[in-house]
Amino acid sequence: MQTDNIKQKAHRLLDQLPDQATWDDLMYQIYVRQAIEAGIQDSDEGRTVDVKEVRQRFGLA
């Protein structure tokens, strides 16, 4: 993962939004970014479950 600080990441995120973006658009982008980074961190730290195991737990084919 990149070592940029949060302020640099926020500036890049803002620069990628269209000029007519709303506060909701910005909040959504922040939420998505945060969720993706949390998922990557979970994966890196071994806190994931294989899809086959999830299917078995929930009785899915």
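Brief remarks on what is shown
- Of the residues making up the stretch 18-34, those that are polar (S, T, N, Q) and assigned to a helix (DSSP H, G or I) are 29, 34.
- With respect to the stated conditions, residue 20 fails to be within 17 Å of the chain's Cα centre (by Cα), of a type in the set (S, T, N, Q) and modelled with pLDDT of 95 or more.
- Filter pass, residue 61 being part of a loop (DSSP other than H, G, I, E, B), surrounded by 11 or more Cβ atoms within 10 Å (Cβ to Cβ) and either free of Cβ contacts under 8 Å to residues at least 40 places away in the same chain or of a type in the set (A, V, I, L, M) (or both): no
- Test result for residue 52, in a helix (DSSP H, G or I) and either surrounded by fewer than 10 Cβ atoms within 10 Å (Cβ to Cβ) or on the phi > 0 side of the Ramachandran plot (or both): yes
- Entry remark, the stretch 13-37: residues being surrounded by 11 or more Cβ atoms within 10 Å (Cβ to Cβ) and of a type outside the set (S, T, N, Q) number 11 in total.
The values are calculated or read from the model by the stated rules, or taken from the named source; none is laboratory data. What you see is a predicted model; the values in this text were computed from it and never measured. Note: ideal-geometry Cβ built from the backbone for every residue, glycine included; neighbour counts use all protein chains shown.
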